[in-house]
Amino acid sequence: MSAIEETIEGTLDSNGQLRLTHQPRLPPGRVRVTIRVAAAPTRGLADVAREIAAEQRSRGFLGRSAEEMRAEDDARLAEDAERDRELDGARRSV
């Protein structure tokens, strides 16, 4: 009789509790458990950004369009330029 085996990723908590990513698909009965440290998955900044964007889209948050961001930047630049002109005028009158 061949052994039935399944590999499942999981997390070992500090209190010793094992949390599996999914329920085993083995029939009920006695089992033998071997725990190995898994290499940490490598995630780059782009991966994290994609995950965040996908989570936001799933919640209905679409974000701002490129046009909206450009308009906001233009408004901020105009406001900064106006403030600079006011400061330059105040310095000249002193």
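Data overview
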item	result
Boolean, Glu82 is open to solvent by 100 Å² or more (accessible area, probe 1.4 Å) and at negative phi	no
Residue identified as part of a loop (DSSP other than H, G, I, E, B) and of a type in the set (A, V, I, L, M, F, W, C) among Val48, Val37	Val37
So Leu12, is it surrounded by 10 or more Cβ atoms within 10 Å (Cβ to Cβ) and of a type outside the set (Asp, Glu)	yes
Where a residue in region 50-66 is loosely packed, with under 10 Cβ neighbours inside 10 Å and its partner, wherever it lies, is not in a loop (DSSP other than H, G, I, E, B), with Cβ under 9 Å and at least six apart	Phe61/Glu55; Leu62/Gln56; Gly63/Ala53; Gly63/Gln56; Gly63/Arg57
Unique residue being in contact (Cβ under 8 Å) with a residue 12 or more places away in the chain, surrounded by 10 or more Cβ atoms within 10 Å (Cβ to Cβ), more than 10 Å from the chain's Cα centre (by Cα) and more than 15 Å from Glu5 (Cβ to Cβ) when the list is Leu26, Leu18	Leu18
Selection from region 29-38 of residues that are exposed (fewer than 10 other Cβ atoms within 10 Å of the Cβ) and within 15 Å of Glu5 (Cβ to Cβ)	Gly29, Arg30, Arg32, Val33, Thr34, Ile35, Arg36
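The values are calculated or read from the model by the stated rules, or taken from the named source; none is laboratory data. Model, not experiment: these values are computed from the prediction. Cβ sites come from the backbone with ideal geometry, for glycine too, and all protein chains shown count toward neighbours. Accessible surface is based on the protein model in full, side chains and every heavy atom, while ligands, DNA and RNA are left aside. Shrake-Rupley method; radii C 1.70, N 1.55, O 1.52, S 1.80 Å.
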